[in-house]
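Colleague: First the structure, which I've put down as structure tokens, then a few questions once you've had a look.
The values are calculated or read from the model by the stated rules, or taken from the named source; none is laboratory data. Model, not experiment: these values are computed from the prediction. Cβ placement follows ideal geometry from the backbone for every residue including glycine, while neighbour counts extend to all protein chains displayed. Quick note on the areas: whole protein, heavy atoms, side chains included, nothing else; ligands and nucleic acids left out. Shrake-Rupley method; radii C 1.70, N 1.55, O 1.52, S 1.80 Å.
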Amino acid sequence: MGSSILPDLGAEILIPVCAVIGIVFSLVQWLLVSKVKLSPGRDSGSPGNNGAGGKTGYSDYLIEEEEGLNDHNVVIKCAEIQTAISEGATSFLFTEYQYVGIFMVAFAILIFLFLGSVEGFSTKSQPCTYDKSKMCKPALATAIFSTVSFLLGAVTSVVSGFLGMKIATYANARTTLEARKGVGKAFITAFRSGAVMGFLLAANGLLVLYIAINLFKLYYGDDWGGLFEAITGYGLGGSSMALFGRVGGGIYTKAADVGADLVGKVERNIPEDDPRNPAVIADNVGDNVGDIAGMGSDLFGSYAESSCAALVVASISSFGINHELTPMLYPLIISSVGIIVCLITTLFATDFFEIKAVKEIEPSLKRQLIISTVLMTIGIGIVSWVALPSSFTIFNFGDQKAVKNWQLFLCVAVGLWAGLIIGFVTEYYTSNAYCPVQDVADSCRTGAATNVIFGLALGYKSCIIPIFAIAMSIFVSFSFAAMYGIAVAALGMLSTIATGLAIDAYGPISDNAGGIAEMAGMSHRIRERTDALDAAGNTTAAIGKGFAIGSAALVSLALFGAFVSRAAISTVDVLTPKVFIGLLVGAMLPYWFSAMTMKSVGSAALKMVEEVRRQFNTIPGLMEGTAKPDYATCVKISTDASIKEMIPPGALVMLTPLIVGIFFGVETLSGVLAGSLVSGVQIAISASNTGGAWDNAKKYIEAGASEHARTLGPKGSEPHKAAVIGDTIGDPLKDTSGPSLNILIKLMAVESLVFAPFFATHGGLLFKIF
């Protein structure tokens, strides 16, 4: 078997050091962003505002001066708008977290009661689950520590989302002000802010998990099986908070967006983010609470769950049985190296290459993905060589499978590269630089109906290659290292999470920057620059969603494998009625969930449209710009709707495994998990890509950058109106239902795993009665 080259002490130092480096790097990026001042003064830009020239390829003159606008007033106005957006986002998240906090406490009590009752709250040692000849810690200990790790994961998830939102609202106006000096400066400000969030989240998630493992070890000692079973609560806490963040934030942002677009752009023919539009502040707040806070919690949940799934399987493999600490911590070492790789990758965007023109933005972001993937492949190779013995055994449904270290390297690498493939396919189908989106834009010539037909077809078609990529990585990783292989493949896909999040968060920050430029009455040239940043951000957001969905599929399959092992199910036979009914119901759940979230956006948008129309009709001088709209009422509509409407979809996801497990037993539950995974992935990919394509088709017509686009425009033309209608239909698909579905499939799997001991002992009440 042999032992690993890296000593245990080396692993114990490497993980926290990498996490601390990640946190320090994010603080350095934040300091660099904070150098852009939001208070008017002699030099109201960032350092280096020295007349002409500059690396950006634009001369550094301020466009406002050229057009006779008072620079002092513009900066003050930007600061005021930023404050309004920041206060709106903070107050919404505090309201949301109050409701979520009540749920968190209630669910923690439920975990304790269910898991504690497995052995009747006994404090005596019990035979180990996988080796009856040894004695392990009591079930009551698992109940207590699972509850603690659930609360830890939930709090870390909430903090990740909240910090992300704070950073984004701090950076949006600064990006706007930097856009006066050229697109390059604005890009760096937006990207650095995204990097702050990416590195903070990746490092915090890793550090909290590592500390929790070490603290739990003080009690569990050599009972590693019990220790890592209790740690799975960390993933459950992370994802349950992410679900409410994604659904609540998604309903908020899209209710405001649809209301603002339909009345403002289609009916009143005013530009996007026009300050006369009453829903404009709510729309910009929504970008931060949905796309930033919700997405941060979501990817943190994926990361926590893939780590937990890998650790659970490793604890009952030779690593755990022989108490080999370094190989046991292999999943965390991968994440540690990922932070360092992403740090180097980020420097390519901010320091090594300067953006000189609009057309360089998207290639620069794509370069980030390629560089991080190539460097990470080398990193995984080194880690697999030094942190793993040359051969070892992995638990495989009751047996131990012999595995070599190079096979585990291939498992992680195949997940990593599958993520890149999914990212690029998503980009091809959602970027307006390629023909699929241009075809959708072209279909607007004949109205909204053909636009909708083309968009739906594009979404369905965009599933093909990502599904093959996911299937291929599952086959390869399972063949080499059983369920552990799939868990580390998911970790491979998420190993560059810091870069992925930086690219993802960059989009909403640029979107907000454009909104602030419009509301502050800045020159149309500045709006063109922020629009170029935003269009690239739209595509990168779609790539981020592709990563999240692909990793969710692998994570939930790994968790499913761990659940089947823990619940002592020897085989999941589709032909048995118990499993097949579960399969059918599971496949239906993503549709039920999507129906709930879409309807929620629709009904909230209805109220928003009525309120915006009412203000345009009743406030004299609003269209002329002499009167101010009532922004607060629109913010309140979005807040109230999202808080009220996020509870039913959340309850559906959280209660399904409990009801099925208790009343129908573990076999039916295994069918439900498989069904929801298979159908959820397809709907999530098609919904995200359809919405992204409609959005960028609209932007393609608005930008008028090519001859073809100019024949469809300008803004306000019939094809443009058809494109706006397509965009508003796609909004809830790409920002509410689609991204929330990947949480549904992961969350149900991790919840089933946490409650597996209870279901295995007391579940299946209906089948016991009859």
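Colleague: Could you check region 271-323 and list, in sequence order, the residues that are crowded, with 24+ Cβ neighbours inside 10 Å and β-branched (Val, Ile, Thr)?
Modeller: Answer for region 271-323, where residues must be crowded, with 24+ Cβ neighbours inside 10 Å and β-branched (Val, Ile, Thr): 280, 281, 285, 289, 292, 312, 313, 316.
Colleague: Turning to a different aspect of this structure: Here are some residues: 391, 462, 372, 443. Which one is in contact with a strand residue (DSSP E or B) (Cβ under 9 Å, 6 or more places away or on another chain) and either modelled with pLDDT under 95 or under 18 Å from residue 730 (Cα atoms) (or both)? Break it down stepwise before answering.
Modeller: Working: 462 fails: in contact with a strand residue (DSSP E or B) (Cβ under 9 Å, 6 or more places away or on another chain); 372 fails: in contact with a strand residue (DSSP E or B) (Cβ under 9 Å, 6 or more places away or on another chain); 443 fails: in contact with a strand residue (DSSP E or B) (Cβ under 9 Å, 6 or more places away or on another chain).
Selected residue: 391, the only one of 391, 462, 372, 443 that is in contact with a strand residue (DSSP E or B) (Cβ under 9 Å, 6 or more places away or on another chain) and either modelled with pLDDT under 95 or under 18 Å from residue 730 (Cα atoms) (or both).
Colleague: Could you list all residues from region 559-600 that are at pLDDT below 90 and of a type in the set (Gly, Ala, Ser)?
Modeller: 561, 562, 565, 567, 568, 570 - these are the residues of region 559-600 that are at pLDDT below 90 and of a type in the set (Gly, Ala, Ser).
Colleague: Just the residues that are outside any helix (DSSP H, G or I) and either within 20 Å of residue 494 (Cα to Cα) or open to solvent by less than 10 Å² (accessible area, probe 1.4 Å) (or both), please, taken from region 348-406. Steps first, answer last, please.
Modeller: Step one: list which residues in region 348-406 are outside any helix (DSSP H, G or I), which gives 353-357, 388-404.
Within region 348-406, 355, 388, 389, 392, 394, 403 qualify.
Colleague: Output the residues belonging to region 618-653 that are in contact with a Ser or Thr (Cβ under 9 Å, 6 or more places away or on another chain) and farther than 27 Å from residue 240 by Cβ.
Modeller: Listed by number, the list holds a single entry, 620.
Colleague: Also: Check off (1) modelled with pLDDT of 90 or more; (2) surrounded by 22 or more Cβ atoms within 10 Å (Cβ to Cβ) for residue 181 and give me the number that stays unchecked.
Modeller: That leaves (1) as the condition not met.
Colleague: Okay, moving on. Looking at the structure I just gave you, is residue 175 open to solvent by less than 10 Å² (accessible area, probe 1.4 Å), farther than 25 Å from residue 335 by Cβ and assigned to a helix (DSSP H, G or I)? Reasoning before the result, please.
Modeller: Values: open to solvent by less than 10 Å² (accessible area, probe 1.4 Å): yes; farther than 25 Å from residue 335 by Cβ: yes; assigned to a helix (DSSP H, G or I): yes.
For residue 175, the condition - open to solvent by less than 10 Å² (accessible area, probe 1.4 Å), farther than 25 Å from residue 335 by Cβ and assigned to a helix (DSSP H, G or I) - is met.
Colleague: Which of the residues that make up region 114-168 are among the β-branched types (Val, Ile, Thr) and either within 22 Å of residue 752 (Cα to Cα) or not in a loop (DSSP other than H, G, I, E, B) (or both)? Give the derivation first.
Modeller: Applying the first criterion (among the β-branched types (Val, Ile, Thr)) to region 114-168 yields 118, 123, 129, 142, 144, 147-148, 155-156, 158-159, 167.
If the condition is that a residue be among the β-branched types (Val, Ile, Thr) and either within 22 Å of residue 752 (Cα to Cα) or not in a loop (DSSP other than H, G, I, E, B) (or both), then 118, 129, 142, 144, 147, 148, 155, 156, 158, 159, 167 are the ones that fit.
Colleague: Does residue 454 fit the bill of being under 26 Å from residue 416 (Cβ atoms), at pLDDT 95 or above and hydrophobic (A, V, I, L, M, F, W, C)? Before you say what the answer is, go through the steps one by one.
Modeller: Values: under 26 Å from residue 416 (Cβ atoms): no; at pLDDT 95 or above: yes; hydrophobic (A, V, I, L, M, F, W, C): yes.
So residue 454 does not fit the description; no.
Colleague: Please work out if residue 266 is aliphatic (A, V, I, L, M), closer than 30 Å to residue 608 by Cα and open to solvent by 10 Å² or more (accessible area, probe 1.4 Å). So that I can check it myself, show each step before the final result.
Modeller: Details: aliphatic (A, V, I, L, M): yes; closer than 30 Å to residue 608 by Cα: yes; open to solvent by 10 Å² or more (accessible area, probe 1.4 Å): yes.
Here the answer is yes, as residue 266 does meet what is asked.
Colleague: Also: Looking at region 212-222, can you tell me whether even one residue there is over 30 Å from residue 74 (Cα atoms), part of a helix (DSSP H, G or I) and in contact with a Gly (Cβ under 6 Å, 6 or more places away or on another chain)? It would help to see each step written out before you state the result.
Modeller: Quick first cut of region 212-222, residues over 30 Å from residue 74 (Cα atoms) only: 212-222.
Then drop every residue that is not part of a helix (DSSP H, G or I), which leaves 212-220.
In the following step, the residues that additionally are in contact with a Gly (Cβ under 6 Å, 6 or more places away or on another chain) were identified as 220.
Looking through region 212-222, at least one residue is over 30 Å from residue 74 (Cα atoms), part of a helix (DSSP H, G or I) and in contact with a Gly (Cβ under 6 Å, 6 or more places away or on another chain).
Colleague: Another one. Mind telling me which of the residues 147, 156 ends up being of a type in the set (S, T, N, Q) and either surrounded by 24 or more Cβ atoms within 10 Å (Cβ to Cβ) or modelled with pLDDT under 90 (or both)?
Modeller: Details: 147 fails: either surrounded by 24 or more Cβ atoms within 10 Å (Cβ to Cβ) or modelled with pLDDT under 90 (or both).
Criteria check complete, one pass: 156.
Colleague: Residue 433 versus (1) assigned to a helix (DSSP H, G or I); (2) closer than 30 Å to residue 536 by Cβ; (3) in contact (Cβ under 8 Å) with a residue 12 or more places away in the chain: which is the lone unmet condition?
Modeller: Of everything listed in (1) assigned to a helix (DSSP H, G or I); (2) closer than 30 Å to residue 536 by Cβ; (3) in contact (Cβ under 8 Å) with a residue 12 or more places away in the chain, residue 433 misses just condition (1).
Colleague: Right, something else. Out of the residues in region 433-449 meeting the condition of being within 11 Å of residue 722 (Cα to Cα) and among the hydroxyl-bearing types (Ser, Thr, Tyr), tell me which one is surrounded by the most Cβ atoms within 10 Å (Cβ to Cβ).
Modeller: To start, the set of residues in region 433-449 that are within 11 Å of residue 722 (Cα to Cα) comprises 440-449.
The next check asks that each one be among the hydroxyl-bearing types (Ser, Thr, Tyr); those that pass are 443, 446.
Numbers: 443: 23, 446: 12.
So, considering only residues that are within 11 Å of residue 722 (Cα to Cα) and among the hydroxyl-bearing types (Ser, Thr, Tyr), the one surrounded by the most Cβ atoms within 10 Å (Cβ to Cβ) is 443.
Colleague: Hand me the list of helices (runs of 4 or more DSSP H) wholly inside region 223-342 holding 2 or more residues that are over 20 Å from the mean Cα position of the chain (by Cα) and farther than 30 Å from residue 630 by Cβ. Give the derivation first.
Modeller: Numbers: elements: 224-260, 280-286, 295-315, 318-321, 325-328.
Filter on region 223-342 gives 224-260, 295-315, 318-321, 325-328.
Colleague: Let me ask something additional. Taking the stated definitions as given, is residue 730 open to solvent by less than 20 Å² (accessible area, probe 1.4 Å), farther than 28 Å from residue 150 by Cβ and assigned to a helix (DSSP H, G or I)?
Modeller: Yes.
Colleague: Picking from 107, 94, which residue would you name as being open to solvent by 40 Å² or more (accessible area, probe 1.4 Å), among the hydrophobic types (A, V, I, L, M, F, W, C) and either assigned to a loop (DSSP other than H, G, I, E, B) or more than 16 Å from residue 226 (Cβ to Cβ) (or both)? Step through it out loud before you land on a result.
Modeller: Numbers: 107 fails: open to solvent by 40 Å² or more (accessible area, probe 1.4 Å).
Unique residue meeting the criteria: 94.
Colleague: Just to be sure I understand the filter: pairs with C-beta atoms under 7 Å, separated by 6 or more residues or on different chains, first member in region 88-110 and closer than 21 Å to residue 287 by Cβ, second member polar (S, T, N, Q) and part of a helix (DSSP H, G or I). Which pairs pass?
Modeller: What qualifies is 89/169; 89/288; 92/639; 95/639.
Colleague: Could you run through region 115-136 and say how many residues are touching a residue at least 60 places away in the same chain (Cβ under 8 Å) and buried (at least 21 other Cβ atoms within 10 Å of the Cβ)?
Modeller: Going through region 115-136 one residue at a time, the tally reaches 3.
Colleague: Here is a further query. Just checking, how many residues over region 352-369 are more than 26 Å from the chain's Cα centre (by Cα) and within 22 Å of residue 21 (Cβ to Cβ)?
Modeller: Step one: filter region 352-369 for residues more than 26 Å from the chain's Cα centre (by Cα), giving 352-359.
Cutting the leftovers down to within 22 Å of residue 21 (Cβ to Cβ) gives us 352.
The total comes to 1.
Colleague: Can you name the residue in region 375-404 that is of a type in the set (Val, Ile, Thr) and touching a Ser or Thr at 6+ places or on another chain (Cβ under 8 Å) and, of all such residues, is farthest from residue 3 (Cα to Cα)?
Modeller: Of region 375-404, the ones of a type in the set (Val, Ile, Thr) are 377-378, 380, 382-383, 386, 393-394, 403.
After this cut, where a residue has to be touching a Ser or Thr at 6+ places or on another chain (Cβ under 8 Å) as well, the list is 380, 386, 393-394, 403.
On the way: 380: 18, 386: 10, 393: 13, 394: 15, 403: 14 Å.
Of everything passing the filter in region 375-404, 380 is farthest from residue 3 (Cα to Cα).
Colleague: Same structure, new question: Does region 201-218 contain any residue that is within 23 Å of residue 99 (Cβ to Cβ), touching a residue at least 40 places away in the same chain (Cβ under 8 Å) and within 25 Å of the chain's Cα centre (by Cα)?
Modeller: In the first step, residues of region 201-218 are kept if they are within 23 Å of residue 99 (Cβ to Cβ); the result is 201.
If we keep only those that are touching a residue at least 40 places away in the same chain (Cβ under 8 Å) too, we end up with 201.
From the residues that got through so far, the ones that are within 25 Å of the chain's Cα centre (by Cα) too are 201.
Yes: region 201-218 contains one or more residues that are within 23 Å of residue 99 (Cβ to Cβ), touching a residue at least 40 places away in the same chain (Cβ under 8 Å) and within 25 Å of the chain's Cα centre (by Cα).
Colleague: When the residues of region 161-172 are narrowed to those that are open to solvent by less than 10 Å² (accessible area, probe 1.4 Å) and under 17 Å from the mean Cα position of the chain (by Cα), which ends up farthest from residue 526 (Cα to Cα)?
Modeller: First, the residues of region 161-172 that are open to solvent by less than 10 Å² (accessible area, probe 1.4 Å): 161, 164-165, 168-169, 171-172.
Within this subset, residues satisfying the condition of being under 17 Å from the mean Cα position of the chain (by Cα) are 161, 164-165, 168.
Values: 161: 30, 164: 25, 165: 24, 168: 20 Å.
Looking at residues that are open to solvent by less than 10 Å² (accessible area, probe 1.4 Å) and under 17 Å from the mean Cα position of the chain (by Cα), I get 161.
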